[in-house]
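To start, the structure itself, in structure tokens.
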Amino acid sequence: MKKLLTLKNVLIAIAFTVLLLLVKDNMDVVWGILGNILSILSPFFLGFMIAYILNFPYKFFYGKAFKKMGSKHKIWLNFKKPLSVICTYIIFFAVIAALIGIVVPQIAANLSTLYENMPKYMQTGYNYIDQLFKFLNTHLHTNFSLDATVTELQTRLTKFLMSLDFSTTADATKNVLGIVGNILTNTASGLYNFLMAIIISIYFLASKDQLCRLVKRLAVAFIPMKFLPRVYEIVDVTDTKCGRFLVGDILDAGLIGILTYIVMSIFHLPYAPMIAVLVGVTNIIPFFGPFLGGIPSALILFLVDPIYAFWFVVILIVIQQLDGNIFKPKIIGNQLGISSFWVLFSVIVGGALFGLPGFILGTPIYAAIYTLIGKRVRNRIDEKGKIAQEALDFDVLHYTEIAAEQKKLRAEKEQEQMDKLKKRLHLDKFLNRESDDEEDADNKSEDTESENTEK
């Protein structure tokens, strides 16, 4: 207690309390500083993600494709790592070039066609909704009015535009230019961060051994030795659950997108490139991904022709069944090890807390936490021994049997401890000696009685 109440510890506690009060009273400033720091470090985070994903093809080239390089002539061993990095980024840039050169123009053409036909599609949708309202009014005796609904929407839109305070043409022009300027600034900033992230990822991947060694040295230097195995276990489980799942999920999403495009092209469905990309990208999100990509795509095709939407839904269901039962188990394997309920739980909670990154990474992160907690639970059950195993085997409703079994086991354990205590205190020899003395006394008394009888 005296060690805790030293002057140094008291001053540290006071300074920490003052710091917490300053943070509490200036949360806006703190969040602004954190936002600036994250904005500055965002290229490094993105670069680390790119390098982490590309580490898997890099390990293929380094460990398999160029495995025998330098086995005969040591001079070639120096070129093994640079060649692996170069081949990895050749594939990466080839995929980006294919997306830009092949997929992007087709998507742009699909978007242009969709924009040109949007008035016709809106009229088609208006007619469908009008027929639905008439059906409901006729058979269910409701009082829906499509014209009144459209008028209400127009009124709300007008009020919203009036709230933007476009009082003059100059103000409106200024606001529009400000919005356009923000869009251009954000686009330029995004391109800059992406280019910097690619450059940073090259450095990460090329010097990953040195960086891993540096991180390990820091961990050994500042983390107590008794906690190091636990830290290494957390890193290993996180790498297994998050990294491999993320890479496998990206490959699976690309496969689903390509398969969707091929099948839609065979059935001559419109907007195949755009819908295939939408379905493939949203397929990265567990559980909700097929719905997020399939519902708007089916709606667009429904406005073109309802039969197109019907065939698309059939195609999507078949592809998702193949993906869930064949493709994803082959690509990812049983990396998660959690039930569908926990997948749904992790996606909802992760998305609510962190948005899109939470939707994508919530499931593998939760799987890592689930694995670590499950291992700890198993260890605790093993430590409790036979009682815990017997309790697991019993039905919960048969609590009297569990209580009786536990009482019996406790009695056996207490008897075992008493026997050990007797052996340690040498009471068993003392008790045996007393029993021998009693036997001798009994024998003497019996001999005496027999002699008296004979006399």
Check: Looking at segment 137-144, is at least one residue at pLDDT below 80, β-branched (Val, Ile, Thr) and not in a helix (DSSP H, G or I)?
Finding: yes
Check: Name the helices (runs of 4 or more DSSP H) wholly within segment 287-356 that hold at least 3 residues that are crowded, with 19+ Cβ neighbours inside 10 Å?
Finding: 289-304, 306-322, 340-354
Checklist line | Qualifying residue in segment 249-262 (condition: farther than 22 Å from Phe45 by Cβ, over 26 Å from the mean Cα position of the chain (by Cα) and of a type outside the set (Lys, Arg)) | finding: yes
Notebook entry, point to check: Taking the condition farther than 30 Å from Ile234 by Cα, modelled with pLDDT under 70 and surrounded by 11 or more Cβ atoms within 10 Å (Cβ to Cβ), does Glu454 pass?
Noted result: no
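The values are calculated or read from the model by the stated rules, or taken from the named source; none is laboratory data. Everything quoted here is computed from the prediction, not taken from an experiment. Virtual Cβ from ideal backbone geometry, glycine too; neighbours counted across all protein chains shown.
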